[in-house]
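First up is the structure itself, then whatever we jot down about it.
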Amino acid sequence: MREKLFIRKTKNLIFVSVFLFFPSLLFSFSQSTPFIRLSVKDYTEYSRVLIESSFPPVSYHIEKEEFLIMVKFRASKPLRLQRKVFKSDFVKSLEWSKGPDYYMLTIKTESADLSYDSFTTADPPQLIIDIREKKREKIKGEFSEEKRGISSGVEKEEKKASQSILPSSFSRKKDQKVIVIDPGHGGIESGAKGKFGALEKDITLSIGLKLKNIIEKNLAFRVVLTRDKDENKSLEQRAAAANNNNAYVFISIHANGSYRREARGSETFFLSLNATDEEARRLAYMENNSSEIEKKIEGENEDNILMILWDMAQTAYLRQSSQLAESIQNQLNSLLGTKNRGIKQAPFKVLTGVACPAVLVEVAFISNPVEERKLLTEEFQADVAQAIYRGLLSFIRLNPQK
Amino acid sequence: MVVKKRVFVGLLFVLMVILIVVFFQSGSKDEIKLTSSPSSLESEMRASGPREMRKVVLFFLSERDNLFHPEERLIEVDKSIVLMAKRTIEELMKGSQRGFISPFPPGIKLREVFLCKEGILYVDFSKDIQSRHLYGSNAEISTIFSTVNSLAYNFKPIKKVFILINGDEKETLGGHIDLTHPLVPHYDLIVN
């Protein structure tokens with residue numbers, strides 16, 4: 001017994017001492033070897049690559065070739081490299097390589113259309129490389145009035161995004177791509193009702209109008225609302241609004257309802273394949289060969305075929321729809337403070353015929369008295385619009401237009 | 001003594017008949033066309049004579065994790081899958097015993113159930129399912145996929161479920177889930 005106890009104690013001691021001494025070992029190691037520390041940070045209009053060193057500045061050489069910016073340092077001694085994990089709009093990756101008497105840092109950028117500035121400081125010794133867009137065309141709106149107070153960081157991000165993601169062709173009005181926003185329900189169909197008398201149709205319209213405003217102010221997209229007042233619109237008419245305008249994305253806004261009053265939170269849906277395994281395989285094939293289907297539609301103008309294809313239009317866009325749903329849900333989570341109910345798939349009628357990436361956002365529960373009160377406030381509605389807008393932005397970044 | 005005993009037995013018999021009549025009367029309100037007797041669990045327990053029972057798994061939506069949870073029930077075995085499907089829906093209509101969300105608003109009637117060759121089960125509800133519904137995605141998903149998942153999970157020949165309302169095909173219950181096509185089960189929404 002005693003022996004065992006002793007062994008356990010010594011084991012613990014070894015364990016503890018490793019933990020105690022290891023950081024100091026690391027520390028002493030880093031003291032003796034010269035090191036270089038790499039980090040990337042995004043600012044309003046540029047990304048900054050910061051190269052800090054533990055030794056006085058050495059001569060370096062920078063070269064840009066298409067997507068790559070290469071920085072060569074003279075160094076004979078071995079160097080240790082420290083790097084931080086980063087996420088940046090302009091910088092894709094950093095690679096570190098070693099030559100006979102030099103080290104090379106290769107900065108892979110997201111686009112070849114970028115320019116850079118570099119400068120050094122002696123104390124602390126560092127080399128700074130700022131990477132920004134070459135063409136700095138002003139995009140209409142430019143956030144001048146749009147100062148919704150979520151945080152300055154948010155605004156910066158939006159500003160940057162709106163500049164980096166828009167190809168120059170978007171600036172002309174006739175080329176403007178359309179985003180279709182669908183405020184759920186309307187007219188005689190009120191949707192879910194709250195305990196305090198809130199109607200889903202009013203809240204969705206209010207959020208939809210706010211979202212249209214934000215998008216048109218900040219992005220060179222035209223926004224089409226499936227309804228801009230309290231009126232009846234069939235689910236088919238809503239999908240048709242997307243297809244007739246050759247929409248870039250379709251976003252349907254809803255407020256949720258449950259038999260349980262305590263049900264709460266936000267969730268984003270995209271269409272589920274309502275098909276047996278066999279059919280699913282067939283549809284998956286079609287998804288991967290959507291260009292063939294389009295050719296077929298042009299060739300065979302039979303109503304029947306058109307009907308079937310129209311009916312399944314959304315199946316060709318499921319992957320992108322899931323991406324859009326994820327982007328929006330992430331922003332809802334970080335901006336609204338509501339419970340995250342996640343991304344789900346369900347056979348929503350309004351999504352089935354939409355021939356572009358399409359999602360349905362269930363903002364919060366109108367059947368929950370606490371959330372109902374929130375849904376009725378201008379602030380919450382504006383936050384929802386802002387969150388959806390930001391989700392849309394990250395989707396656009398992932399799916400730039402050709 | 002013998003007379004007294006006979007009177008007592010007679011009284012008991014009359015009482016039983018009354019009870020049976022009352023019981024059957026209350027069942028007939030449900031407009032059940034295919035079943036000859038109510039198939040609730042309690043009636044099965046009370047009924048005399050050996051009846052073969054089988055287990056069915058019902059799925060109810062939980063508010064806590066927003067997923068469907070299984071609950072077991074016993075229904076009477078029958079050669080007809082349609083009849084067993086009907087009994088399963090009736091069990092669903094009684095709601096959860098573990099506090100999950102009951103998929104149907106109270107007072108909904110099951111009008112008809114029939115199975116076609118391709119494995120599509122048509123389930124026809126009274127129109128109250130639309131008028132009394134709460135209209136929210138969550139409520140619609142609960143009603144529709146409790147039904148579709150429970151039926152397809154328990155009966156292999158049922159591949160899809162087509163929900164009708166008052167004998168007609170409807171676009172949706174309240175503006176969300178598509179009812180113009182037969183629905184396949186959505187097992188992704190089930191816990192685990």
Notebook entry, point to check: Of B:Glu72, B:Glu42, B:Glu91, which residue is open to solvent by 30 Å² or more (accessible area, probe 1.4 Å) and modelled with pLDDT of 95 or more?
Noted result: B:Glu72
Notebook entry, point to check: Given the residues A:Ile328, A:Ile366, which is the only one that is among the β-branched types (Val, Ile, Thr) and within 14 Å of chain B (Cβ to nearest Cβ)?
Noted result: A:Ile366
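Residue-wise test of (1) within 14 Å of another protein chain (Cβ to nearest Cβ); (2) buried (at least 21 other Cβ atoms within 10 Å of the Cβ).
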site	(1), (2)
A:Pro183	yes, yes
A:Ile188	yes, no
A:Ile214	no, yes
A:Asn243	no, no
A:Asn246	no, no
A:Ile253	yes, yes
A:Ser258	yes, yes
Check: If you take the residues of segment B:70-126 that are among the small types (Gly, Ala, Ser) and more than 11 Å from the chain's Cα centre (by Cα), which of them is nearest to B:Ala152 (Cα to Cα)?
Finding: B:Gly119
Check: When you look at A:Glu371, is it under 28 Å from A:Gly197 (Cα atoms), in contact with a His (Cβ under 9 Å, 6 or more places away or on another chain) and within 13 Å of chain B (Cβ to nearest Cβ), yes or no?
Finding: no
Notebook entry, point to check: Has segment A:192-200 got any residue that is open to solvent by 10 Å² or more (accessible area, probe 1.4 Å) and more than 14 Å from chain B (Cβ to nearest Cβ)?
Noted result: yes
Notebook entry, point to check: Looking only at segment A:346-356, which residues are more than 11 Å from chain B (Cβ to nearest Cβ) and open to solvent by 10 Å² or more (accessible area, probe 1.4 Å)?
Noted result: A:Ala355
Item checked: Identity of the residue in segment B:112-141, closer than 29 Å to A:Lys201 by Cα and open to solvent by 50 Å² or more (accessible area, probe 1.4 Å), that ends up farthest from the other protein chains (Cβ to nearest Cβ) -> B:Lys127
Note to self: Quick check on segment B:48-69: of everything there that is of a type in the set (D, E, K, R) and more than 20 Å from B:Pro157 (Cβ to Cβ), which residue is most open to solvent (accessible area, probe 1.4 Å)?
What the structure shows: B:Arg64
Next item on the list: Return the pairs, sorted by first residue and then second, in which the second residue is open to solvent by less than 60 Å² (accessible area, probe 1.4 Å) and of a type outside the set (Val, Ile, Thr), the first residue lies in segment A:57-71 and is free of Cβ contacts under 8 Å to residues at least 12 places away in the same chain, the beta carbons are less than 8 Å apart, and the residues are 6+ apart or on different chains.
Entry: A:Glu63/A:Met70
Checklist line | Residue list for segment A:311-345, filter: among the small types (Gly, Ala, Ser), in a helix (DSSP H, G or I), open to solvent by 20 Å² or more (accessible area, probe 1.4 Å) and within 27 Å of A:Leu375 (Cα to Cα) | finding: A:Ser322, A:Ser334
Margin query: Given the condition among the hydrophobic types (A, V, I, L, M, F, W, C) and facing chain A (nearest Cβ under 8 Å), answer yes or no: does some residue in segment B:160-178 qualify?
Written below: yes
Next item on the list: Residue by residue through segment A:357-388, note down the ones that are in contact with a helix residue (DSSP H, G or I) (Cβ under 7 Å, 6 or more places away or on another chain), free of Cβ contacts under 8 Å to residues at least 60 places away in the same chain and open to solvent by 10 Å² or more (accessible area, probe 1.4 Å).
Entry: A:Lys374, A:Phe380
Next item on the list: Please determine, by comparing only the residues of segment A:82-111 that are among the aromatic types (Phe, Trp, Tyr) and over 23 Å from the mean Cα position of the chain (by Cα), which one is surrounded by the fewest Cβ atoms within 10 Å (Cβ to Cβ).
Entry: A:Trp96
Margin query: Testing A:Leu79 on (1) modelled with pLDDT of 80 or more; (2) open to solvent by less than 70 Å² (accessible area, probe 1.4 Å), one condition comes back false. Which one is that?
Written below: (1)
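The values are calculated or read from the model by the stated rules, or taken from the named source; none is laboratory data. Quantities reported herein were computed from a predicted structural model and do not represent experimental measurements. Here Cβ is always computed from backbone atoms with ideal geometry, including for glycine, and neighbour counts include all displayed protein chains. Note: areas computed on protein heavy atoms with side chains; ligands, DNA, RNA excluded. Shrake-Rupley method; radii C 1.70, N 1.55, O 1.52, S 1.80 Å.
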